[in-house]
Amino acid sequence: MTTSPFDHPFLSGLLGDTEIAAYFSAEADIRAMLSFEAALARAEAMHGVIPAEAARTIGDICANFAADVHSLKAATAKDGVVIPGLVRQIRQAVGSEAGEHVHFGATSQDAIDTSLMLRLKSVTFLFGGRLHSIVTGLAGLERQFGANRLMGYTRMQAAIPISAADRIAAWRIPLETYRDRLTEQTFPIQLGGAAGTLEKLGPAAASVRASLAQELGLTEEPQWQSRRMHIADLANLYSLITGSLGKFGQDIALLAEAGGEIELAGGGASSAMAHKQNPVAAETLVALARFNATQLSAIHHSLVHEQERSGAAWTLEWLVLPQMVMATAASLRLARELAGNIRRLGTG
């Protein structure tokens, strides 16, 4: 049993997304954190901060390391973050000689935030592909049915006739904007050390951070431990995407309610009325839009970090951001299916 509908045994059939959920598994998170630790060691060795042989040993161990997740759970309950426990396990595997160089000059937030950026970069690429598919599908509907007539509605009242192309354009154009914005997103490295000053790395600090960013394929910028604009910007974009897809779903549901102007395949069955074909995907798009709109306020609350780092604001991100990502994933999946199930739109 689970308390999340996104991985619930049966609700996940509607709201889940196995492709995107994989990026938020413990295994994916640990792999990304191990990549950070190995890349950090290589970057530090490159600039003479730690011995090259130690970096090689750390890299070899991290490449094949299997963490004791049960022990990490207990350690996180005590420490509030997973990294102290994970670093202890890595140091034990590396051995005493090179072990002192594991995680040198870094802090828990560096590894955790960098892991998040690595995974969100991959997720964002997949989201861009899904948006492209939806836009392509809507463009196809526009070519096929664009000249058909629809009744235009303003403030839920019949207004004047419009073309199906007019309605489809209102669905398509925002999605094209979001697709372009996804390609423009940057995913910065996090490396600040204990209080954001990288004091242990001395004059090599900036060079190490730049090399680490290059090694991991992330952008290089000063630490952002208490400056969470990147997270808020991404969350806002997720909410915009689901909001516009919610508008698409709402319009389809209203068209299905009125009847006559749309034919849909793939409707859901009713347990009480055998004749019904419920617009399940359309309704769910509306729910997911409202969910992300609500969660976005929590992300904005998490911008309030006290001093150099906040445990409370950071933990709030952990509670909220993965759920927003999963809601966006489900919304994109359902919208793509819904667009493909439109058999007719408007009247000739």
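A few comments on the model shown:
- Test result for Gly152, at positive phi, in contact with a helix residue (DSSP H, G or I) (Cβ under 9 Å, 6 or more places away or on another chain) and outside any helix (DSSP H, G or I): no
- Within region 83-110, residues that are closer than 25 Å to Glu308 by Cβ sit with their Cβ atoms under 8 Å from residues that are among the polar types (S, T, N, Q) and surrounded by fewer than 19 Cβ atoms within 10 Å (Cβ to Cβ), at 6+ positions apart or across chains, in these pairs: Gly85/Ser71; Gly85/Thr76.
- Residue identified as modelled with pLDDT of 95 or more and within 30 Å of Ser207 (Cβ to Cβ) among Leu86, Leu138, Leu126: Leu86
- Considering the conditions (1) farther than 23 Å from Gln225 by Cβ; (2) in a helix (DSSP H, G or I), Leu316 is excluded by exactly one of them, (1).
- Test: residue in region 297-310 that is among the polar types (S, T, N, Q), in a helix (DSSP H, G or I) and farther than 19 Å from Thr114 by Cα: yes
- Some residue of region 155-170 being touching a helix residue (DSSP H, G or I) at 6+ places or on another chain (Cβ under 8 Å), more than 18 Å from Ala256 (Cβ to Cβ), modelled with pLDDT of 95 or more and among the hydrophobic types (A, V, I, L, M, F, W, C): yes
- Of all residues in region 289-311 being small (Gly, Ala, Ser) and at pLDDT below 90, the one that is surrounded by the most Cβ atoms within 10 Å (Cβ to Cβ): Ser310
- Test: residue in region 26-33 that is under 22 Å from Ala330 (Cα atoms) and either crowded, with 17+ Cβ neighbours inside 10 Å or basic (Lys, Arg) (or both): yes
Rundown of residues vs (1) over 25 Å from the mean Cα position of the chain (by Cα); (2) modelled with pLDDT of 95 or more; (3) surrounded by fewer than 20 Cβ atoms within 10 Å (Cβ to Cβ), yes/no style:
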residue: Ala93; (1), (2), (3): yes, yes, yes
residue: Val102; (1), (2), (3): yes, yes, no
residue: Asp110; (1), (2), (3): no, yes, no
residue: Arg149; (1), (2), (3): yes, yes, yes
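- Qualifying position, being part of a helix (DSSP H, G or I) and aliphatic (A, V, I, L, M), among Ala66, Ala106, Ala55: Ala55
- Val94 more than 24 Å from Ser211 (Cβ to Cβ) and of a type in the set (A, V, I, L, M, F, W, C): no
- Region 43-52: number of residues that are buried (at least 19 other Cβ atoms within 10 Å of the Cβ) and in a helix (DSSP H, G or I): 3
- The number of residues in region 288-335 that are touching a residue at least 12 places away in the same chain (Cβ under 8 Å) and within 19 Å of Lys247 (Cα to Cα) comes to 20.
- Scan of region 16-29 for residues that are part of a helix (DSSP H, G or I) and either touching a residue at least 60 places away in the same chain (Cβ under 8 Å) or of a type in the set (Asp, Glu) (or both), ordered by number: Glu19, Ile20, Ala21, Tyr23, Phe24, Glu27, Ala28, Asp29
- Selection within region 151-172 - surrounded by 13 or more Cβ atoms within 10 Å (Cβ to Cβ) and either under 20 Å from Thr242 (Cβ atoms) or among the polar types (S, T, N, Q) (or both): Ser163, Arg167, Ile168, Ala169, Ala170, Trp171, Arg172
- Here Gly13 fulfils each of the conditions (1) assigned to a helix (DSSP H, G or I); (2) at pLDDT 95 or above apart from (2).
The values are calculated or read from the model by the stated rules, or taken from the named source; none is laboratory data. As the structure is a prediction and not an experimental result, all values here were calculated from the model. A quick note on method: Cβ atoms are made from the backbone with ideal geometry, for glycine too, and the neighbour counts reach across all protein chains shown.
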